[in-house]
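Novice: Provided herewith is a single structure, encoded as C-alpha cells, for subsequent inquiry.
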There are 4 protein chains.
Amino acid sequence: MKTFDVGRLAAFTDGVFAIAITLLVLDLDLPDVSGKAIGELIQADLPKFYSWLISFLALGTLWLHHHYIVAHLRCTDITILLLNLALLLFISVTPWTTSLIGAYGDQSIAVVLFSGCLGLAWLSIALIGLHAREHGLLLADAPKPEPGLMATLVTLRGTLIAVLSIGFAYVDTTWAVLVWVLLFVMHPFVYRN
Amino acid sequence: MKTFDVGRLAAFTDGVFAIAITLLVLDLDLPDVSGKAIGELIQADLPKFYSWLISFLALGTLWLHHHYIVAHLRCTDITILLLNLALLLFISVTPWTTSLIGAYGDQSIAVVLFSGCLGLAWLSIALIGLHAREHGLLLADAPKPEPGLMATLVTLRGTLIAVLSIGFAYVDTTWAVLVWVLLFVMHPFVYRN
Amino acid sequence: MKTFDVGRLAAFTDGVFAIAITLLVLDLDLPDVSGKAIGELIQADLPKFYSWLISFLALGTLWLHHHYIVAHLRCTDITILLLNLALLLFISVTPWTTSLIGAYGDQSIAVVLFSGCLGLAWLSIALIGLHAREHGLLLADAPKPEPGLMATLVTLRGTLIAVLSIGFAYVDTTWAVLVWVLLFVMHPFVYRN
Amino acid sequence: MKTFDVGRLAAFTDGVFAIAITLLVLDLDLPDVSGKAIGELIQADLPKFYSWLISFLALGTLWLHHHYIVAHLRCTDITILLLNLALLLFISVTPWTTSLIGAYGDQSIAVVLFSGCLGLAWLSIALIGLHAREHGLLLADAPKPEPGLMATLVTLRGTLIAVLSIGFAYVDTTWAVLVWVLLFVMHPFVYRN
C-alpha cells in the first residue's frame with residue numbers, strides 16, 4: 001500500500017476543493033422575482049456575500065496549505081489516505097455551513113458549526129504533515145521542520161483560529177467569522193522564503 | 001486500443017467521485033425559513049445527516065479501493081473502460097439513492113436501491129481487477145493474488161456487504177444501512193502491510 | 001501556440017464530462033412529499049430514468065471516443081482548442097436537453113434538440129481527428145487511417161446517428177431516442193483490436 | 001515555496017473552470033409545467049440562452065489564455081498562487097452574474113457586475129504573466145515579450161473589453177454584453193503563429 005502515488009490523491013482532493021468552492025456561489029439568491037429592483041436584491045443579499053467571501057478565502061487558504069504539504073510528499077500510505085478523506089468530509093460540508101452563517105449569522109451555533117468544520121479540516125492537514133514526517137514519507141529536499149513550539153503552532157494555526165472563532169461565537173458572531181480573514185492575511189508571511 | 005493510458009481513466013473517475021461526494025451535501029436542508037431556530041432545523045435533519053455520513057464513507061471506501069486497483073494497472077483496454085463506465089453509472093446515482101434513504105429510510109425499497117447500486121459499483125471494481133489479472137494488464141510489481149477463497153472474498157467484499165444489507169433491509173432498515181460502516185472499518189486491516 | 005500540451009486539454013474536458021454526467025442525476029425527482037409511497041414516486045419517474053440512462057450511455061460513448069482521439073495526439077493547436085471548446089459547449093448543455101426529453105419525450109422538438117447537440121458534439125470530435133491528421137499532430141504510432149468511405153463513416157458515425165435520430169423524431173420519439181443505444185452497442189466492435 | 005509545481009495549479013483551476021462553465025446551464029429553465037408547450041418555454045427563455053452563450057464564450061476565452069500563460073510557467077510562487085486564487089474568485093461568481101444578465105439584462109448594474117468580474121479575472125491573468133516575466137518564472141523557450149504598447153495591450157485586452165462594456169452598460173445593455181464576443185473573435189488572430 002506504500003506505492004500509492006501522490007498525484008491521484010491531489011487530483012481527487014483538487015476536485016472536491018474546486019466543486020465546494022464553486023458551489024458556494026449557488027447560495028447567492030438568483031433573481032426570480034422580476035418585479036424587484038436588482039439593487040434591493042443585492043442589498044438584501046449582503047450577509048450572504050459576506051459569508052461567501054469569507055468561506056472562499058478560508059477554503060483557498062486551506063488549499064494553498066494542502067498544496068504545500070502534498071508537494072513535499074514522496075508517497076502516501078493508508079493513514080494519509082484516511083486523514084485526507086476526513087479532510088474532504090469537512091471541506092464538502094462547507095457549502096452547507098456557509099449557507100448557515102449566511103442565513104443565521106447572528107446565532108452562535110451556526111458559527112460554531114462553520115468554524116468547527118474548518119478547524120477539523122486544518123487538524124486533518126496538520127496530522128497528514130506530522131504522520132508523513134514521522135514515517136519518512138517526505139521528499140529528501142522537503143523543508144526542515146524547525147524545532148519546538150513555533151513549528152507546531154505554524155502547523156496547527158488553522159485549528160487555533162477555529163478555537164478562537166468558536167470562543168468568539170458566544171460573544172460576537174461577526175468577529176467570530178472575521179477571524180478567518182486573519183489566517184488568510186498571515187499566509188504570505190508564513191511562506192515568506 | 002491497448003495503448004490507453006491509465007491516467008485519464010483515473011482523472012475522469014476522480015472527477016465523478018469528487019462531484020458525487022460533494023453533491024451529497026446538497027441534500028442537507030438549507031435554512032430558508034428564517035423564523036425557525038437553527039437547533040430545530042438540525043434536529044429535523046438528523047436522518048439526512050446520518051445518510052450523508054454513511055454515503056460519504058461508502059463512496060470514500062470505494063474510491064480508496066479504485067485507487068488501489070488502478071495504481072497497479074499497466075494499461076487499460078476497452079473492457080476495463082466499459083466496466084469503469086458501469087462503475088461511474090452506479091456512483092453518479094448515489095446522491096439520489098442517498099436522498100432516498102434520507103427521506104424514506106424506513107422503507108425497504110429505498111435501502112435496497114441504495115445498497116444495490118453500491119454493490120454493483122463494487123462488483124464493477126472487482127471485475128476490473130479480475131480482467132486485468134487474467135489479461136496481463138497489471139504492473140510487474142503488483143501484489144500477488146493470494147490463491148483460493150480468501151482472495152475472492154477480499155475482492156468481492158463490497159458486493160457481499162451489499163447482499164447482506166439488502167437482506168437486512170426487509171428486517172431492520174437502520175441496521176441495513178449501518179452495515180456499510182463495517183466495510184469502512186475493516187478497510188485498514190485489508191491493506192495492512 | 002503549437003507547444004500546448006495535451007494533458008491540460010484532457011483534464012479540462014474530463015472535468016466538464018464528469019460534471020455533466022453527474023448532473024444528469026439531479027433531474028431525478030427527489031422525494032420531497034413524504035406522504036407519497038416510494039414505489040409511486042419511482043413509477044412516475046420512469047421516463048426520467050429512461051432519459052437519464054440513455055444520456056449517460058451517450059455521454060459515456062462520447063468520452064470513450066474523445067479519450068481514443070486524444071491518446072493519439074502529439075500536441076494541440078488553436079484550431080483543436082477551439083473545436084474542443086465547441087465540444088464542451090454541446091456536452092455542458094446535455095443535462096438540460098436530457099431533462100427536456102425526460103419531461104417532453106413525446107414532442108419532436110425535444111428529441112431534435114437532444115440529438116442535435118449530441119450530433120454536433122460528435123462532429124466536433126470528428127473534426128478534431130481530421131484536423132490532427134491533416135496537420136501532422138498525431139503521434140507516430142497512431143493507428144493508420146484506413147482509406148476510403150469506411151474510415152469516414154467510423155469517424156462520423158455519431159453525427160450519422162444524430163441525423164437518423166432527428167429524422168425518426170417526426171415519426172416516433174421513443175425510437176428516435178433509443179437509436180443512441182445502437183452507437184453504444186457497436187462501440188466494442190469498432191475498437192475490436 | 002518556489003518548488004510549487006505548475007501541474008496542480010492547473011488542475012485546481014481547470015476544476016473551477018469546468019464546474020463554472022457547466023453550472024451556467026442550470027440557469028436555463030427546466031420544464032416543470034407540463035401544460036406549457038416546449039416552443040413557448042424556449043421562446044420565453046431566449047434572453048437566458050443568449051446570456052448562457054456569451055458567458056460560455058467569455059469563460060472559454062479566459063481558459064484558453066490561462067492555458068497559454070501556464071504552459072510557459074517554469075514554476076509558481078506564493079504571489080502567483082494568490083493571483084490565481086483571485087482569478088478563481090471571479091470565475092466562480094460568473095454563474096451568478098450570468099443569471100443576473102439573463103433575468104435583468106436591461107438594467108445597467110447587472111451588466112456592470114458581469115463585465116466587472118470578467119475584467120478583474122482578465123486583470124488577474126495579466127498580473128500572473130507580468131509577475132512571472134519579472135521574476136524569471138517563465139520557461140526558457142517562452143515567447144519573447146514584444147516591447148512597448150502593443151504587448152501591454154495584448155495582455156490587458158480582456159480588462160480593456162470590460163472597461164468598454166461597463167461604459168456601454170449605461171447606453172445600451174445589449175451591446176455592452178455583445179462586446180465580449182469581440183474578444184472571442186479576435187482570439188485566433190492574437191495566437192496566429
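Novice: Work out the FRET efficiency for B:E40 and D:L178 from their Cβ-Cβ distance, taking R0 = 51 Å, and round it to the nearest 0.05. Please report the intermediate quantities before stating the final value.
Specialist: Details: r = 49 Å, r/R0 = 0.96.
Once rounded, the FRET efficiency stands at 0.55.
Novice: Provide the solvent-accessible area of D:T152, counting protein heavy atoms only and rolling a 1.4 Å probe, rounded to the nearest 10 Å².
Specialist: Using a 1.4 Å probe on the heavy atoms, I get roughly 70 Å².
Novice: Of the accessible area of segment B:39-162, with the probe set at 1.4 angstrom, what percent is carbon plus sulfur? Intermediate results must be reported in sequence, preceding the final value.
Specialist: On the way: 3090 of 4460 Å².
The nonpolar share, carbon plus sulfur, comes to 69 percent.
Novice: If packing is taken as the average number of other Cβ atoms within 10 Å across a peptide's residues, how do C:67-76, D:18-27 rank, most packed first? Walk me through the intermediate numbers first.
Specialist: Details: C:67-76: 19.0, D:18-27: 24.6.
My ranking of the peptides, most packed first, is D:18-27, C:67-76.
Novice: Can you give the extra length, in nm with one decimal, that the chain gains between B:L53 and B:V171 once fully stretched, where that is 0.36 nm per residue apart less the Cα-Cα distance?
Specialist: Extra length from B:L53 to B:V171 when fully extended: 40.3 nm.
Novice: Just grab the label-to-label distance for D:D5 and B:M186, each label 7 Å out from Cα along the Cβ direction, in nm (one decimal).
Specialist: A separation of 3.5 nm, rounded to one decimal place.
Novice: Counting partner chain Cβ atoms within 10 Å of every residue's Cβ in A:108-115, what's the average? Please report the intermediate quantities before stating the final value.
Specialist: Working: counts 1, 4, 3, 0, 0, 2, 0, 0.
So the per-residue partner count for this stretch is 1.
Novice: Then there's this: Given a 1.4 Å probe and heavy atoms of the protein chains only, how would you sort B:V163, D:V179, largest accessible area at the top? Kindly include the intermediate steps, with their values, before the conclusion.
Specialist: Details: B:V163 95, D:V179 15 Å².
Reading off the accessible areas and sorting them downward yields B:V163, D:V179.
Novice: Just read off the accessible area of C:D106 with the full protein assembly in place, 1.4 Å probe, to the nearest 10 Å².
Specialist: 120 Å²
Novice: Keeping every protein chain present and rolling a 1.4 Å probe, give me the accessible area per residue for segment A:1-137 in Å².
Specialist: Details: 4220 Å² over 137 residues.
That works out to 31 Å² per residue.
Novice: What is the mean number of Cβ atoms from other protein chains located within 10 Å of the Cβ atom of each residue in peptide D:39-50, rounded to a whole number?
Specialist: Numbers: counts 2, 0, 3, 4, 0, 0, 1, 0, 0, 0, 1, 0.
Counting Cβ atoms of other protein chains within 10 Å of each residue's Cβ and averaging gives 1.
Novice: Residue by residue through B:77-86, how many Cβ atoms from other chains fall within 10 Å of the Cβ on average?
Specialist: Values: counts 1, 9, 1, 0, 8, 5, 0, 2, 9, 1.
Per residue, the average neighbour count from other chains is 4.
Novice: Something else: Please list C:L59, D:L57 from largest to smallest accessible area, probe radius 1.4 Å, with all protein chains kept in place.
Specialist: Values: C:L59 0, D:L57 45 Å².
Result, largest first: D:L57, C:L59.
Novice: Can you pull out the buried accessible area for chains A and B, both sides counted, probe 1.4 Å, rounded to the nearest 100 Å²?
Specialist: Numbers: alone 10840 and 10850 Å², together 18600 Å².
Its buried surface, counting both partners, is about 3100 Å².
Novice: For D:E40, what accessible area in Å² do you get when you roll a 1.4 Å probe over the heavy atoms of the protein chains, rounding to the nearest 10?
Specialist: Estimated to the nearest 10 Å², D:E40 gives 110 Å².
The values are calculated or read from the model by the stated rules, or taken from the named source; none is laboratory data. Predicted, not measured: the structure shown is a model, and the values here were computed from it. Positions of Cβ are generated from backbone atoms using ideal geometry, with glycine treated the same way; all protein chains shown enter the neighbour counts. All accessible areas refer to the heavy atoms of the entire protein, side chains included, with ligands and DNA or RNA removed. Shrake-Rupley method; radii C 1.70, N 1.55, O 1.52, S 1.80 Å.
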